[in-house]
Amino acid sequence: MSTAASEPKEMWLNWLAITTIIMSASATLGSSKSAGFTSGAMMAQNKASDQWAFYQAKSIKQHSFELQKDILQVQLAQAPAATSAKFVEKLNAYDANIERYTKERKEVKADAERFEHERDLSQKNGKLFGTSIIYLQIGITLSALAALLKKKPVWWLSLVVGAAGMLYFLNGFYYAYKGVTILVGMP
């Protein structure tokens, strides 16, 4: 009479449990990192949008001064010589404001582009970790199936899929800190 308790445990099932735990822990950490980078991308996008709105406001103000300057130049051409000094003084003030807004727009544009770059990096990192989660979850599922069916080939398949997930997982960390991906062709 044979019972489940008296049957010898197959050693590979211990390794199956260990690899499943590793894949599960990596998927959990990858999920956290993916969410963090996704939030970071959204925050950077909001900051970039704010800067572009600020840029637009500066452009409108600059254009307003340019229009006022054009009107004043037309009026100066028709003004008596006695009042031309006041027109020139006002034109110089408009020129100073136009120059100031041109400079400020360049600074705001640089900030907006920097935030867009941060957004792009965060999105790429989020994708790397998100992809790792998909592969790791499939690996965990196959590992559970292998344990239930006690089929070693299914476990080997789970290891292959889990290894792909680990590559994306490690690539996410490497990209986050070095700004480059480990493997060519990875998103």
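Read-outs throughout are calculated quantities, based only on the coordinates presented, and are distinct from any laboratory measurement. Predicted model, so just to flag it, every value in this text is computed and none were measured. Note: ideal-geometry Cβ built from the backbone for every residue, glycine included; neighbour counts use all protein chains shown.
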Label points 7 Å out from Cα along the Cβ direction at E89 and M11: separation in nm? 9.8
From the list (i) 8, 27, 31, 20, 10, 3, 0; (ii) 9, 32, 30, 17, 8, 3, 1, 0; (iii) 9, 21, 16, 13, 11, 9, 8, 5, 4, 2, 1, 0, 0, can you say which value of P(r) over Cα pairs in 10 Å bins from 0, in percent was derived from the structure given? (iii)
At R0 = 30 Å, how high is the FRET efficiency between L67 and M42 if r is their beta carbon distance? Nearest 0.05 is fine. 0.20
I need the phi-derived Karplus couplings for the range 60-73: 6.51 cos²θ - 1.76 cosθ + 1.60, θ = phi - 60°, integer Hz, Gly and Pro marked x. 5, 5, 4, 4, 4, 5, 5, 5, 4, 5, 4, 4, 5, 5
Distance in nm between K109 and L170 label points, each 7 Å along Cα→Cβ, equals 4.3
What FRET efficiency comes out for the pair A96/S49, r = Cβ-Cβ distance, R0 = 30 Å, nearest 0.05? 0.50
Expressed in nm to one decimal, what extension gain is obtained for the pair D120 and L148 from 0.36 nm per residue of sequence separation less their Cα-Cα distance? 5.9 nm
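Go ahead and estimate [θ] at 222 nm for the chain from helices alone: -39,500 (n - 2.57) per DSSP H run with n ≥ 4, summed, over the residue count, rounded to 500. Can you show the working numbers first?
Values: 3 runs with 161 residues, N = 187.
That comes out to -32500 deg cm²/dmol.
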